[in-house]
Amino acid sequence: MKYKLKYTRFNEHSILIEWPSIIDENTLNDVLNFKNLLLNNYIKVKVDVINTYNSILINYELTIEDIYSEFLYLKTLYFNSEEQSSVKPKIWEVPVCYDEEFGMDLNSFSTENSMSKSEIIQHHCQPIYTIYFIGFLPGFLYLGGLKESLYLNRKSIPNLDVKKGAVGIGGNQTGIYPQNSPGGWHIIGNSPINFFKKDNDNPCFAKAGDKIKFLPVSKEEYNSILNLVESNSYEPKSISV
Amino acid sequence: MIKVLKSGLFSTIQDKGRFGYGAFGVPKSGAMDFYSAELANTLLGNTINDAVLEITMIGPQLKFDVECLLVITGADMSPSINRKTIQNNKVYRIKKCDTLGFDKLKSGLRAYVAVKGGFKSDMVLGSQSYYQPLTLANKLNNGDTLYLNQSENTFDTYETFSKLKVVDYSSPNIHVFKGPEFERLSCNQKSELTSLESQVTNLYNRMAYQLSPLFDNDLESILTGPVLPGTVQLTPSGKLIVLMRDCQTTGGYPRVLQLTESAINLLSQKKEKDKIVFKLVE
């Protein structure tokens with residue numbers, strides 16, 4: 001399916017391409033198809049291509065000399081592109097300990113949404129989430145697929161010190177903090193694994209289009225995984241459907 | 001090596017920043033006033049990738065344990081070697097045991113100290129630019145040690161005072177393109193936004209500059225989308241936030257304007273209470 005895309009110059013060395021403003025997997029697949037096409041076609045020109053729900057930003061290393069010929073090139077590329085047979089996405093298993101030691105907001109969450117803690121955990125780890133893109137912090141995954149029963153507005157006063165690995169819910173989104181950071185989401189658990197490794201040339205094991213499944217683990221399992229992570233001998237596991 | 005006797009207010013190692021890691025959520029970083037950083041390297045015959053020291057408002061005090069060639073560009077912070085005043089944009093030969101110091105801030109906000117061959121520090125994802133937690137440090141501290149890359153400190157060609165176009169840091173004019181959500185503003189808002197005089201609030205750093213006064217608007221948030229250094233966001237409460245070099249890669253506020261690269265350089269030299277006016281270019 002071909003969408004009507006909007007091409008704009010963002011600054012001297014970047015172009016923004018926008019799809020209709022909705023969050024859905026068809027849009028995401030088309031965005032990611034075009035993104036891959038761009039990465040495969042810009043061989044001689046150095047570019048950094050990032051995507052969000054409905055946008056692609058192409059950052060060129062150098063100033064764009066002729067913006068209209070660049071637009072034309074992009075439009076032709078998109079128009080002539082073939083729907084790629086989608087590569088089977090990876091489903092990454094993300095261990096999460098929902099113990100109250102980590103899930104400091106489980107109690108208040110339970111009161112506000114009138115659900116038991118075990119219901120919250122069950123509703124949270126049941127779906128297979130889609131990674132739309134990585135943003136906000138290095139290694140922060142924007143996930144789609146949170147159950148409506150778990151929607152809860154962000155805290156009015158952000159927590160200044162959310163711990164690395166914290167699993168949170170904010171509005172209709174859920175995610176994992178890849179590093180210590182201020183944040184306004186309700187924290188319901190913690191994952192012991194690294195979402196960003198600065199020494200790797202590919203710093204994130206997961207990428208846009210992949211899937212995430214949360215796997216509840218006990219405190220003992222959490223600690224043994226953490227030991228593996230800290231001794232650099234933990235490899236994230238991907239599963240098939 | 002160089003001993004940091006006093007770190008100054010906020011001193012960091014910077015280069016061109018990180019290119020190619022945006023899809024992992026990694027900020028671009030790099031020298032705030034890239035023009036001045038590049039100029040410093042050019043004057044020394046360095047490559048534009050060589051790392052420089054970005055110093056902010058109150059300069060550091062550095063004791064050199066090594067001979068080198070040095071130049072300072074950007075803000076005028078009354079630099080001196082062994083308490084003897086020196087000038088910006090001029091190459092000096094530093095001898096062992098010399099001390100570089102700074103005094104009153106006379107113009108701008110950020111100055112760049114470059115040495116021939118560049119500063120040596122950890123390279124993370126293709127850049128030496130400080131950004132925690134990618135780099136261990138987020139700024140210099142008293143007692144730190146800086147290292148230099150080996151280089152031949154040939155002096156001959158660099159001694160001339162270069163005749164440069166001097167940037168007027170007091171100019172309020174910040175050149176902008178229309179941002180992706182500019183067209184959502186009403187006609188009145190568009191002309192007001194590109195003519196009103198704003199000023200820099202006390203909230204300004206390498207991530208963003210917040211401006212005042214508030215700009216009344218009823219724009220809806222957007223789906224989280226890509227942002228760049230120089231993107232001007234407009235919040236529902238009316239705050240105008242200009243994102244700077246260490247900004248996040250994505251954001252959900254309407255992006256009403258986009259600074260040109262040279263406008264980012266100029267804004268980097270502004271501080272609290274400085275006046276700015278957005279000027280549309282195209």
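The values are calculated or read from the model by the stated rules, or taken from the named source; none is laboratory data. Note that the structure is predicted; figures quoted are calculated from it, not measured. Reconstructed Cβ throughout: ideal geometry from the backbone, glycine too, with neighbour counts over all protein chains shown. Quick note on the areas: whole protein, heavy atoms, side chains included, nothing else; ligands and nucleic acids left out. Shrake-Rupley method; radii C 1.70, N 1.55, O 1.52, S 1.80 Å.
Looking at segment B:234-255, which of the residues that are surrounded by fewer than 23 Cβ atoms within 10 Å (Cβ to Cβ) and of a type in the set (S, T, N, Q) is nearest to B:Phe34 (Cα to Cα)?
So, considering only residues that are surrounded by fewer than 23 Cβ atoms within 10 Å (Cβ to Cβ) and of a type in the set (S, T, N, Q), the one nearest to B:Phe34 (Cα to Cα) is B:Gln248.
Among the strands (runs of 3 or more DSSP E) contained in segment B:1-93, which hold 1 or more residues that are under 23 Å from B:Asn141 (Cβ atoms) and hydroxyl-bearing (Ser, Thr, Tyr)? Steps first, please.
On the way: elements: B:2-6, B:12-14, B:52-56, B:61-64, B:68-76.
Strands (runs of 3 or more DSSP E) meeting the threshold: B:12-14, B:52-56.
Where residues in segment A:43-52 are assigned to a loop (DSSP other than H, G, I, E, B) and modelled with pLDDT under 95, which of them is nearest to the other protein chains (Cβ to nearest Cβ)? Steps first, please.
Step one: filter segment A:43-52 for residues assigned to a loop (DSSP other than H, G, I, E, B), giving A:43-46, A:52.
Retained after the next criterion (residues that are modelled with pLDDT under 95): A:43-46.
Numbers: A:Ile43: 14, A:Lys44: 15, A:Val45: 12, A:Lys46: 7 Å.
Ranking the candidates gives A:Lys46 first.
Out of A:Ile23, A:Ile64, report the one residue that is more than 11 Å from chain B (Cβ to nearest Cβ) and either part of a loop (DSSP other than H, G, I, E, B) or out of contact with any strand residue (DSSP E or B) (no Cβ under 7 Å at 6 or more places or on another chain) (or both). Spell out the reasoning first.
Values: A:Ile23 fails: more than 11 Å from chain B (Cβ to nearest Cβ).
Of A:Ile23, A:Ile64, the one residue that is more than 11 Å from chain B (Cβ to nearest Cβ) and either part of a loop (DSSP other than H, G, I, E, B) or out of contact with any strand residue (DSSP E or B) (no Cβ under 7 Å at 6 or more places or on another chain) (or both) is A:Ile64.
Could you list all residues from segment A:10-20 that are more than 7 Å from chain B (Cβ to nearest Cβ) and crowded, with 18+ Cβ neighbours inside 10 Å?
Our first condition is that a residue be more than 7 Å from chain B (Cβ to nearest Cβ); within segment A:10-20, this holds for A:13, A:15, A:17-20.
Selection gives A:Ile15, A:Ile17, A:Glu18, A:Trp19.
Output the qualifying pairs, or none if there are none: Cβ atoms under 6 angstrom, residues six or more apart or on different chains, first residue in segment A:62-77 and over 17 Å from A:Asn33 (Cβ atoms), second residue hydrophobic (A, V, I, L, M, F, W, C) and surrounded by 13 or more Cβ atoms within 10 Å (Cβ to Cβ).
From residues that are over 17 Å from A:Asn33 (Cβ atoms), the pairs are A:Glu70/A:Ile64.
For segment A:110-144: of the residues being open to solvent by 30 Å² or more (accessible area, probe 1.4 Å) and touching a Ser or Thr at 6+ places or on another chain (Cβ under 6 Å), which is nearest to the other protein chains (Cβ to nearest Cβ)?
The extreme case among them is A:His123.
In segment A:24-59, which residues are crowded, with 17+ Cβ neighbours inside 10 Å and of a type in the set (Ser, Thr, Tyr)?
Correct list: A:Thr27, A:Thr52, A:Tyr53, A:Ser55.
Name the residue, out of B:Leu214, B:Leu219, B:Leu266, that is of a type outside the set (Val, Ile, Thr), away from chain A (no Cβ under 14 Å) and farther than 26 Å from B:Phe34 by Cβ. Show your work before the answer.
Working: B:Leu219 fails: away from chain A (no Cβ under 14 Å); B:Leu266 fails: farther than 26 Å from B:Phe34 by Cβ.
The conditions single out B:Leu214.
Of the conditions (1) assigned to a helix (DSSP H, G or I); (2) away from chain B (no Cβ under 12 Å); (3) within 27 Å of A:Asn172 (Cβ to Cβ), A:Val31 satisfies every one except a single condition; which number is it?
(2)
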